[in-house]
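Asker: Here's a structure for you.
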Amino acid sequence: MNERLAQVRKLLNELEMEMRPGAGGGDRDFSAFLSIIQQIVDDLQPQLSPYDAAFYWFLFRHSVAKDGDPHLRVSTRHLRTAVVKSSYSQLEENPVSLGKVQDTLRALESIGAIRKEGEPNRDGTLYRVLIPDEIEACRKFRAERQSSEQQLKFPSSGIEIG
């Protein structure tokens, strides 16, 4: 498991180096990042509520996707207005309730998508944003999905249709 995480970090660092202006790069390394995005869509997102998904994507965008570092310090007060608007309020500012932010962070922690890495301070709480290969629930979901996809495949008959 640690070896796979090291590979992901290495690929993300290489991607960051290649994406810098003037750096020679290739689509080959960008595919590793796209693979993580595909895993989030296929293996994590189906297990999340719409709020959970929006918050995960926000945290992912401002951590792993920003600089390859999975750590991010955020405050619940900031998240009230930074991620999505409340569907229950007609106010122009329209913040999500503090309770909803806390519930959403707890839900992401319970599925293993994020993990607290430090105590709260004035700037917020330090979280680690995990990618699907690091999340047990995603690995289980992927295995179940792949198993059911295998059952749906028809045996090759050797007959070409066309």
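Asker: Based on the Kirkwood radius over alpha-carbon pairs, what value in µm²/s does the Stokes-Einstein equation return for the translational diffusion coefficient of segment 89-151 at 20 °C and 1.002 mPa s?
Answerer: Answer from the Stokes-Einstein relation: 150 µm²/s.
Asker: I need the calculated FRET efficiency for the pair A6 and R77, taking r as the beta carbon distance and R₀ as 41 Å, to the nearest 0.05.
Answerer: Working: r = 35 Å, r/R0 = 0.86.
Rounded to the nearest 0.05, the efficiency is 0.70.
Bear in mind that the values in this text are calculations on the coordinates, not laboratory data. Model, not experiment: these values are computed from the prediction. Virtual Cβ from ideal backbone geometry, glycine too; neighbours counted across all protein chains shown.
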